[in-house]
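Please treat every number below as a calculation from the coordinates, not as lab data. For clarity, every value in this text was computed on a predicted model and none was experimentally measured. Using ideal geometry, Cβ is built from the backbone for each residue, glycine included, and neighbour counts are taken over all protein chains shown.
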Amino acid sequence: MRKIIHTDQAPAALGTYSQAVQVGDTVYLSGQVGLVPETMELVEGGCEEQLHQVMKNLRSVCNAAGGELKDLVKLNVFLIDLGNFETVNKIMADYLPTPYPARAAVQVSALPKGAVVEIDGVMVVGDQT
């Protein structure tokens, strides 16, 4: 059974997708860019500011699904410039506790709304002991 996850604390979907979908204990989070939920505009600044907003948006969707960032098990990072890889590592360390989730990072030619970074993920909720 699928459960659609939605929160006003994260940007509304820009297309034909949900912010997240839960199946059993697994939650599939759609990609988040650095949009401010209240304005649906990119946060001012560059990669660092967008990354902070992306992580806040992901946290909001995780919370709406009954989880936290620590419950993420897989992340996919899409960057316009792979030269920002170290910035990604630095900022993610501010939001994610160890042990870190599995992760991929790839360079892409473009992202929605002119964003420089997008992150999607998979989270597992519920008692995992």
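To the nearest 10 degrees, how steeply does helix 85-95 sit against the main Cα axis of the chain, on a 0 to 90 scale?
40
Please give the charge dipole size of the chain, origin at the Cα centre, charges +1 on K and R Cβ atoms and -1 on D and E Cβ atoms. Round to the nearest 20 debye.
It comes to approximately 380 debye.
Evaluate the relative contact order of the chain (contact order divided by residue number), counting alpha-carbon pairs under 8 angstrom at least 6 apart; express in whole percent.
30
Sequence neighbours fewer than 8 away in the same chain don't count; with that in mind, list the lysines whose C-alpha is under 20 Å from K90.
Straight-line reach from K90, under 20 Å: K56, K70, K74.
Compare the Cα positions of P101, V21, Q53 along the charge dipole of the chain (+1 at Cβ of Lys, Arg; -1 at Cβ of Asp, Glu; about the Cα centre) and return the one farthest towards the positive end.
V21
Could you work out how far helix 47-64 tilts from the main Cα principal axis of the chain, as a 0 to 90 degree angle to the nearest 10?
So the inclination is approximately 10 degrees.
How long is the gain from R2 to A110 if the chain were fully straight, where each residue apart is worth 0.36 nm and the alpha carbon distance is subtracted?
Computed gain between R2 and A110 is 35.8 nm.
Residue by residue through segment 71-80, which ³J(HN,Hα) values in whole Hz follow from phi under the Karplus form 6.51 cos²θ - 1.76 cosθ + 1.60 (θ = phi - 60°), with glycine and proline marked x?
Per-residue couplings from phi come out as 8, 5, 10, 8, 10, 10, 10, 10, 10, 5 Hz.
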